[in-house]
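Engineer: Next up is a structure, given as structure tokens.
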Amino acid sequence: MSVPHENLRVRRTRVLLREALVELVEQRGFDRVTVGKICEHAMVSRAAFYRHYRDKYELVEQIFDEAAAALTEGLDQGLDPVVRLRRFFDHVGDYARLYRALLEAKGSPWFAERIRTTLTDMTGTHLRASPPSDDLVATLLGGMLTDTITWWLRHDRPLSTHELADRYAHLATALTARASPTPTPCQSL
């Protein structure tokens, strides 16, 4: 019977730490946030923090890893890419304050680069599954997805997650189609 209670306590602690992180990043910026301040703000002991996370970076990474999982979930089962995008944007929407805080001026260049790199790598893996591909297309799509998130949050989410996923998918498909290797007059010379 203590296991479910422990799970509830673990979930509660993680929620408190995430909420404290968001509030502090909004107030101070990511670089000025410390584990001590997160714990103080969440009213959680440092020992509890370190039972769950190595440092503030791991806390943020775990949140983003949940978003990345939404993109890869069902990939091996052929789940529609737009459905995966919708799940991804749903997750970003659930943590909108955190993503906005981390991606805006007071945010973290480290986190923005982490998102861009992860999304580029994921896109590259997906593109390699259907040759031909090149790293430029993956880099552009990863950057475009990162910029889509930033735009959406900066403008207070003017589109639903479904509309945003559909729009991104349309743009990504157009970019991929235009980038496919077809002979041009210059290549035949």
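Engineer: Quick check, is F64 hydrophobic (A, V, I, L, M, F, W, C) and at pLDDT 95 or above?
Structural biologist: Details: hydrophobic (A, V, I, L, M, F, W, C): yes; at pLDDT 95 or above: no.
So F64 fails the test.
Engineer: Ok, one more. Where in segment 28-111 are there helices (runs of 4 or more DSSP H), lying wholly inside it, with at least 1 residues that are among the β-branched types (V, I, T) and within 18 Å of R154 (Cα to Cα)?
Structural biologist: Values: elements: 35-42, 46-52, 56-72, 81-94, 96-103.
Output list reads 81-94.
Engineer: Moving on. Give me a count of the residues in segment 146-178 that are in a loop (DSSP other than H, G, I, E, B) and either touching a residue at least 24 places away in the same chain (Cβ under 8 Å) or open to solvent by less than 70 Å² (accessible area, probe 1.4 Å) (or both).
Structural biologist: Number of matching residues: 3.
Engineer: A follow-up question, please. Looking at this structure, is R12 over 27 Å from G143 (Cα atoms) and either at pLDDT 90 or above or outside any helix (DSSP H, G or I) (or both)?
Structural biologist: Details: over 27 Å from G143 (Cα atoms): yes; either at pLDDT 90 or above or outside any helix (DSSP H, G or I) (or both): yes.
Considered against the rule, which asks whether it is over 27 Å from G143 (Cα atoms) and either at pLDDT 90 or above or outside any helix (DSSP H, G or I) (or both), R12 comes out as yes.
Engineer: I'd like the residue in segment 112-124 that is of a type in the set (A, V, I, L, M, F, W, C) and open to solvent by less than 10 Å² (accessible area, probe 1.4 Å) and, out of all such residues, is farthest from R154 (Cα to Cα).
Structural biologist: So the first thing to find is which residues in segment 112-124 are of a type in the set (A, V, I, L, M, F, W, C), and the list is 112, 115, 119, 122.
From what's left, open to solvent by less than 10 Å² (accessible area, probe 1.4 Å): 115, 119.
On the way: I115: 16, L119: 19 Å.
If we take residues in segment 112-124 being of a type in the set (A, V, I, L, M, F, W, C) and open to solvent by less than 10 Å² (accessible area, probe 1.4 Å), then L119 is farthest from R154 (Cα to Cα).
Engineer: Looking only at segment 51-102, which residues are among the β-branched types (V, I, T) and open to solvent by less than 60 Å² (accessible area, probe 1.4 Å)?
Structural biologist: V60, I63, V82, V83, V92
The values are calculated or read from the model by the stated rules, or taken from the named source; none is laboratory data. All values reported here derive from a predicted model rather than from experimental measurement. Because the Cβ atoms are built from the backbone with ideal geometry, glycine has one as well, and the counts that use them run over all protein chains shown. Quick note on the areas: whole protein, heavy atoms, side chains included, nothing else; ligands and nucleic acids left out. Shrake-Rupley method; radii C 1.70, N 1.55, O 1.52, S 1.80 Å.
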